[in-house]
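Asker: Before I ask anything, here is the structure I am working with.
The values are calculated or read from the model by the stated rules, or taken from the named source; none is laboratory data. These figures come from a predicted structure and were not determined experimentally. As a convention, Cβ positions derive from the backbone with ideal geometry for all residues, glycine included, and neighbour counts pool all protein chains shown. Calculation scope for accessible area: heavy atoms of the full protein, side chains included, ligands and nucleic acids excluded. Shrake-Rupley method; radii C 1.70, N 1.55, O 1.52, S 1.80 Å.
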Amino acid sequence: MFFFACLNVFGQQETFTGLVFDKDTKQRLARVRISNLRSQETIYNNSKGEFSLVARKGDLLLARLENYRSDTVKVGNQGVIIFYLKRLAIPLPQVTVKDSLLSAKERYEQAKKAFNQAVRLGNNQDLLAIGQSGGVGLSIDAIWSAFSKEGKNARRLMEVMERDYQNNMIDQIFNKTLVQRITGLKGDRLLIFMLNYRPTYDFVMKANDYVLASYIKMAYQKFMLSADAQDLSDLKPIGE
């Protein structure tokens with residue numbers, strides 16, 4: 001009787017085939033781990049999403065894949081076992097992020113390249129040109145720059161670019177992070193302090209870290225004495 005019972009049990013086992021799909025995209029999924037929870041047999045499906053596994057009716061099969069929610073299927077009379085796995089997170093396309101916080105110097109150089117013709121017209125410092133033979137003569141570009149309408153407009157543009165560059169350099173050195181760390185100011189009070197005690201370009205370019213920190217501390221002391229005023233500072237930058 002035991003022998004025939006064993007034959008009956010083993011006779012119920014079959015080889016079942018199946019497929020694994022992404023529930024949302026309906027694309028086939030590969031390298032999915034599929035386990036028979038009764039027999040503890042585990043296999044992986046192939047690159048086409050297909051698999052075959054020995055089981056018997058009533059067995060519970062478990063499919064697992066990283067970044068997907070596991071799914072179970074009970075073996076029954078189905079001809080093909082189908083798993084639909086739900087992704088845990090929505091996949092995002094790969095994005096290459098570039099640093100948009102260019103330094104003041106880099107922004108200035110980019111602006112000069114963008115307006116290279118205007119810069120050429122605006123540069124009227126050298127009225128004398130030296131030829132290939134070593135002779136000296138008047139530079140036609142320099143004369144045109146000095147007297148033409150285009151040259152004047154180009155010089156105005158260069159002045160704007162230079163002013164923007166200097167302001168960007170001040171912002172880069174005399175920044176909120178530094179001032180807040182030294183003074184402890186936040187919010188509107190930090191902005192008012194920085195507007196009223198903004199140093200000059202010449203000062204920030206000459207000052208080292210110690211001198212700049214000393215200036216901020218001195219300005220902060222004066223700021224605290226007249227914190228309710230709108231125009232808070234007549235303090236001159238160190239070295240000016």
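Asker: In the range 168-196, which residues are open to solvent by 60 Å² or more (accessible area, probe 1.4 Å) and free of Cβ contacts under 8 Å to residues at least 60 places away in the same chain?
Answerer: Residues satisfying the conditions are K176, T177, Q180, R181, K186, D188, R189, L191, I192, L195.
Asker: Go through the residues of the range 153-171 one by one and say whether even a single one is over 30 Å from F223 (Cβ atoms), outside any helix (DSSP H, G or I) and either modelled with pLDDT under 85 or touching a helix residue (DSSP H, G or I) at 6+ places or on another chain (Cβ under 6 Å) (or both).
Answerer: Checked the range 153-171: no residue is over 30 Å from F223 (Cβ atoms), outside any helix (DSSP H, G or I) and either modelled with pLDDT under 85 or touching a helix residue (DSSP H, G or I) at 6+ places or on another chain (Cβ under 6 Å) (or both).
Asker: Can I ask one more? Checking T183 against (1) in contact with a Phe, Trp or Tyr (Cβ under 6 Å, 6 or more places away or on another chain); (2) of a type in the set (S, T, Y); (3) modelled with pLDDT under 85, which single condition isn't satisfied?
Answerer: Result: T183 fails condition (3) only.
Asker: Tell me yes or no: at least one residue of the range 90-100 is assigned to a helix (DSSP H, G or I) and either modelled with pLDDT of 70 or more or not hydrophobic (A, V, I, L, M, F, W, C) (or both).
Answerer: Within the range 90-100, not a single residue is assigned to a helix (DSSP H, G or I) and either modelled with pLDDT of 70 or more or not hydrophobic (A, V, I, L, M, F, W, C) (or both).
Asker: Consider only pairs whose beta carbons are under 6 Å apart and that are at least six residues apart or on different chains; among these, list those whose first residue lies in the range 47-60 and is more than 15 Å from R33 (Cβ to Cβ) and whose second residue is β-branched (V, I, T) and surrounded by 14 or more Cβ atoms within 10 Å (Cβ to Cβ).
Answerer: These pairs meet every condition: A55/V75; K57/V75; D59/V75.
Asker: I've got another one for you. With the range 1-45 as the region, which strands (runs of 3 or more DSSP E) entirely inside it contain at least 2 residues that are of a type outside the set (S, T, Y) and at pLDDT 90 or above?
Answerer: 14-22, 33-36
Asker: Additional query: Being in contact with a Gly (Cβ under 8 Å, 6 or more places away or on another chain), at pLDDT below 60 and either charged (D, E, K, R) or surrounded by 15 or more Cβ atoms within 10 Å (Cβ to Cβ) (or both) is true for just one of S145, S139. Which residue is that?
Answerer: After applying the criteria, what remains is S145.
Asker: Pairs please, first residue from the range 64-80 and under 10 Å from F16 (Cα atoms) and in contact (Cβ under 8 Å) with a residue 60 or more places away in the chain, second anywhere and open to solvent by less than 40 Å² (accessible area, probe 1.4 Å) and part of a loop (DSSP other than H, G, I, E, B), Cβ atoms under 6 Å, 6+ apart in sequence or on different chains.
Answerer: Going by the 6 Å Cβ cut-off, there are no qualifying pairs.
Asker: Please tell me if N77 is more than 13 Å from T15 (Cβ to Cβ), at pLDDT below 90 and touching a strand residue (DSSP E or B) at 6+ places or on another chain (Cβ under 8 Å). If you could, list the steps in order and put the result at the bottom.
Answerer: Numbers: more than 13 Å from T15 (Cβ to Cβ): yes; at pLDDT below 90: yes; touching a strand residue (DSSP E or B) at 6+ places or on another chain (Cβ under 8 Å): no.
Judged against the criteria, N77 is not a match.
Asker: Sticking with this structure for a sec: Looking at the structure I just gave you, is L178 modelled with pLDDT under 85 and of a type in the set (A, V, I, L, M, F, W, C)? Let's see the steps before the verdict.
Answerer: Working: modelled with pLDDT under 85: no; of a type in the set (A, V, I, L, M, F, W, C): yes.
No; evaluated as a whole, the condition is false for this residue.
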